[in-house]
Amino acid sequence: MISFRWFSLPLLVFLFTSPSVSQDSFIYLSKGISSSVPYSGQFRHGNSYKDDILEELAKDLLRPPVYVKITVGFRQEIRLLKEKPLFYLADVSLSDFRLSGYLQYRLFPMDEVLNPSGFRFALKLSPKLDTSAFSKREFEGKYPEKGKSVEFRVPSLQLDTAVDTVVAGDFSFLYAEEDWKRFYARKNLIDDYYASAALIDSLRTEAESWSMTDAAMLPFNYIRLSEMVRVVNLINSRDFPGRLITEGHDPKHLPSGNLAMYKLSRTCMFNLAETLDKTGALKANASADSLCSYFVERLMRFIRLSSLMDNIHSKIYKDYLSTYYSQNVFENDTAFIRSMLIRMYPDARPDTLLSYASSCMMKAYRGKASRLMSEKKFSDAVLLMENAHGMAASNPYLKEHNGWEGMMSEAVNGIYNSYAGIASSSLDRGNTEFAMEYLRKAEEYRGRYPAYIRSDSTYRRVYREIFIGKLDICDSLLRVHCFTEALACLGSCESAYNGRVLEILKPDISGKMETARRGIIASLTSRCRKALKQDLPDSALLYYDKASAVAAGLSTPPRNVAALDSLAPALAMLKVKKINALALAYHRQRQFARAILQFGEARKISAVYSIPSDPLADSVFRQSYKQWILDKISEQQKLIWSNKPDSALRFMKMSVETAKSQGLENDPEIMKALDQYRLKISGHACEMLDDSLILMNIRAGRCFANKNYSRGAVILEYSIHLAGLMPTCSPDLRPLLDSLKKYRDAAEYQVKLDEADKDMIAGNYEEGLQMLAANEKFYSNKRIDHYGIPLTSVFDYVIAHNNPFITSQALEYYYYHSDPAEALRYLIILHEQGLPDDKNRSYQEQLAGALSARDKSIYGNTDPRDILRRYSGANSWMNRFNEVYLKEWNK
């Protein structure tokens, strides 16, 4: 018998002896889903910014937010893995997420910033005949990165795939504060882009009329030029080419326009500085107050644009104001202004000019702010005074700030009181939600300017009226025992507050909600008792279930509620009867899986409340199990014909265990069905074995044709081994045995040759040489040449490998096996391979002595010199061999 060390062949028959896990799970559902992101139109509750994003997109679309369509497309896949009979593990996979719909803002793509951060969905389980009666489990997850998927595992899902359906639905997508900030940053950048383009166009048009060489206009030109330089620097700081115009979309050609503006500003700066250097005393065309007023009015353009429609036209104007005094036009603006003031007022003391100009500037700021507040334009006044603060902080000549703080406080309080006043008037009109929204705005504004708010009496009054008013309504409902309405009222109060306010109010609200719930429970349990007395079991169960649902919200466990606990046994018995009746109906409709589930639920309830079993229900339960097992055996025959034998055997084992757990292991119909199923598995296995044996015989024949006899023999032996593993089958092995017998010698020769080569590689030279020598004799004795295989002798092997270690081992092998003549052949090869002289001399002496003794015994009457010439010939390096040979002969 030929031994083999490794063999691999993909055989279907081998599946019977190796378990497979991949066949346990199967794809139940796989389809594409499109879920829209709808606009709710409600004030933000919690951390959801979906409506805010849609509202911003609607401003660009010029349509109501409800018409802004954003759709999330993805692929849904539900894979079921059987855990035990009628119980599955469900793996829900959501992948290939993509957005579609209105995904742009002012012609720029927004899809990169419109991905939500999370989502929610529900896994619904319902009967196919009545999808309205379903149970569901809710999940939430994190929106995956592009190209990735998200997985959910649902354990112990009780269903029968024949009569139940499982689907994931009710998808909703969540936009957190981080999503809003990311979107809003991109939106602001786009708004800044268009605002910057408008600023460049406006300044370019205005600059056409400038004359930087006109000495009389030096102060005015400096104010105009400072705007241009600051705008150019601000646009450069936005880095529009790197952050926004990444794909070449540049409708306003902003970078080129800004570059042209930059070049123009450099030219103007050079001309203005040169004009100042060449000018002597300036003839004053305007007073210092008029120049400061001119500067403030120029500044007001940016303030009006900054406050227009709550900053919808970008933040670049506000940034212009906030960074105004942190930027310079020239390298040293103070020196330039001082030089200009000296020329404007040559008779004044130079060291007083900057202080005088600074006071005039602050006076102009205060005067303009006072006029704005008289016109109720508090927002513009606040921005103007913030700019004045920037000037005061950077101007060493305004150490006392010249009273801008009081003006700032007045403007801030004006805005704060406006928010509170709107909230108060909204409350008077009965619009509590609108009042709460403006109270929130007031609170945010107070957080921005805490040092300037002098009084919040209006804010506190409105807040207190809202809270007390709402709770008064809830209390009145509690007093008249309208507990359901009171609970809804209190829930509305609770949802209206958050943070510190909710923490303060929650104990009072929670106590009232507890009272309302107990009132509802008392009413429902009273109705339940009445329904029991009137023999209305369905109504009694309905009232009891509603009461149990309300009790789940109590601070005490539902089982500790006395009214419910006293009704539980009677209602449990009704519930068991109803469930058993439903199970009987399922059994009559041959929906055995549903019947089993219902009977199982009834048994659980009966065990909790020690309800005696119903003999009829128990009998039908067993019959349902029996019919379900028979149906499954019939259905799962597909495992046999689809070549899934391991799954078929596992199913049969599961069926036996299930029948045994229900006392049906000796049922004749089940035993007969299982025996037939087992016979079909065995019969199909034998058919597969026959096909496999034919296939392997063909493959072995191909190996023999290619003179690879060892591999062909291994295939045949493995085939015979597989056939022996299935004693129930009776395949015809004669063709295999005949082929194996015919080619056995050639195969054995190749196997031994391969083993000898492995020994030589491993350094086992002696064993390898012995096997090569033995194989050489085996080749001759068995006439292996008839198979077309060339002989590989020891000499051929040594010559082919040209390895001195192998050659020396061959020499010693033949020397110690009394064949010195053959050993001499390897000595000649060793000499050619560079054998050292001392080793060469030693080998010559050994071989000469052995050959001389042998030849003398055979050719005693022959001249030894004639024999010696056959060995050494004309090889001068064999002198020592000749000397020893003759010496030993002459002894």
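The values are calculated or read from the model by the stated rules, or taken from the named source; none is laboratory data. Please read these numbers as outputs of a predicted model, since none were measured by experiment. No Cβ is skipped: glycine too gets one built from the backbone with ideal geometry, and neighbour counts run over all protein chains shown. We work out accessible area using only protein heavy atoms, side chains counted, and drop any ligands, DNA or RNA first. Shrake-Rupley method; radii C 1.70, N 1.55, O 1.52, S 1.80 Å.
Worth pointing out:
- Per-residue SASA entry for Ile190, accessible area with 1.4 Å probe, Å² rounded to 10: 0
- Residues Asn764 and Thr862, FRET efficiency given R0 of 45 Å [Cβ-Cβ distance, rounded to 0.05]: 0.65
- For region 733-887, the carbon plus sulfur part of the accessible surface works out to 48%, probe radius 1.4 Å.
- Accessible carbon and sulfur surface of region 255-392 relative to its total accessible area, %, 1.4 Å: 55
- Å² of accessible area per residue within region 573-622, as computed with a 1.4 Å probe and no ligands counted: 56
- Summarised as an ellipsoid, region 656-798 has semi-axes of 49, 18, 10 Å, derived from the eigenvalues of the Cα gyration tensor scaled by 5 and square-rooted, with the largest first.
- Region 672-737 shape via C-alpha gyration tensor axes, a/c threshold 1.5: prolate
- Cα-based equivalent ellipsoid of region 131-254: semi-axis lengths in Å, sorted from largest, via gyration tensor: 61, 13, 12
- Glu822 sits with roughly 40 Å² accessible to a 1.4 Å probe, with DNA, RNA and ligands left out of the calculation.
- Separation of the Val608 and Ser793 label points, Cα + 7 Å toward Cβ, nm: 9.3
- With a simple spin-label model that places each label point 7 Å from the Cα along the Cα-to-Cβ direction, the separation between Arg699 and Lys31 comes to 4.3 nm.
- Exposure of His786 as accessible area (Å², to 10), given a probe of 1.4 Å and all protein chains: 130
- Placing a pseudo-label 7 Å from each Cα along the Cα-to-Cβ vector at Arg880 and Glu112 gives an inter-label distance of 8.4 nm.
- Anisotropy class of region 736-891 from Cα gyration tensor, a/c 1.5 cut: prolate
- Remark: for residue pairs Lys84/Lys660; Lys638/Lys680; Lys707/Lys752; Lys69/Lys136, the C-alpha separation exceeds 19 Å in Lys69/Lys136.
- Each Lys and Arg Cβ is given +1 and each Asp and Glu Cβ -1; about its Cα centre, region 152-310 then shows a dipole of about 700 debye.
- Eigenvalues of the alpha-carbon gyration tensor of region 826-869, scaled by 5 and square-rooted, set the equivalent ellipsoid semi-axes at 25, 10, 8 angstrom, largest first.
- Surface analysis of region 784-825 yields an accessible area of 52 Å² per residue, using protein heavy atoms and a 1.4 Å probe.
- With R₀ fixed at 25 Å, the C-beta to C-beta distance from Ile342 to Ala393 puts the FRET efficiency at about 0.45.
- Förster radius 56 Å - calculated FRET efficiency between Thr352 and Lys315, Cβ distance, rounded to 0.05: 0.90
- Computed over region 212-276, relative contact order equals 65 percent, with contacts defined as Cα pairs under 8 Å that lie 6+ residues apart.
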